[in-house]
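Reviewing the structure listed below.
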Amino acid sequence: MLRQRTCTLVFLLEHERRILRRIVDDAQLSLNTRRRAHALLLADRVKHPTTTDGEVADETGVCPGTIANLRKRYANSGLMTAIKPLPKETDRIEIEMLDQANPSSYFTHYAARRQGKGI
């Protein structure tokens, strides 16, 4: 009996697309983080309605199973869980996310970190 796979659909919000594009272009982030961000951009059904896991895998150099897992993680837990940044990259990406969601919040986040309070 054949095992039937279902594809989790990804519908990114505009600010998530901007965040992912910035991650892809940031040479200081790890290659794996940038590849997962690029794959998630290509898996977006709004901008790429007919893209399959195999096509995304060919474009990014990531295997199709990883693309399927990436889609599931995004649907279940959101952007940060999906791209799984390294611990040292997390703060940088969180600041980018705050900046894209609300530009003035970047300064609030930065000031709180400088004072050692965190958010």
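Enumerate the amide H contacts of residue 10 below 5 Å, restricted to partners 5 or more residues apart or on another chain; note that Pro and chain-start residues carry no placed amide H.
45
Checking the a/c ratio against 1.5 first, then a/b against b/c, what shape does the Cα gyration tensor give for segment 14-114?
Because a/c hits 1.5 or more and a/b exceeds b/c, segment 14-114 counts as prolate.
Give the long-range amide H neighbours of residue 48: residues separated by 5 or more places, or on another chain, with amide H under 5 Å away, using H modelled in the peptide plane at 1.01 Å from N.
none
Note down the relative contact order for segment 14-114 as a percent, whole number, built from C-alpha pairs under 8 angstrom at least six residues apart.
For segment 14-114, the relative contact order is 25 percent.
About the Cα centre of segment 14-114, what is the dipole size in debye to 20, counting +1 per Lys and Arg Cβ and -1 per Asp and Glu Cβ, all else neutral?
240 debye
Cross-link partners among aspartates and glutamates for residue 84, C-alpha distance below 14 Å, same-chain residues fewer than 8 apart left out?
The reachable aspartates and glutamates, counting only those whose Cα sits under 14 Å from residue 84, are 94.
Rule-based calculations on the coordinates, nothing more; no lab input. All values reported here derive from a predicted model rather than from experimental measurement. For neighbour counting, all protein chains shown are included, and Cβ atoms are generated from backbone atoms with ideal geometry for every residue, glycine included.
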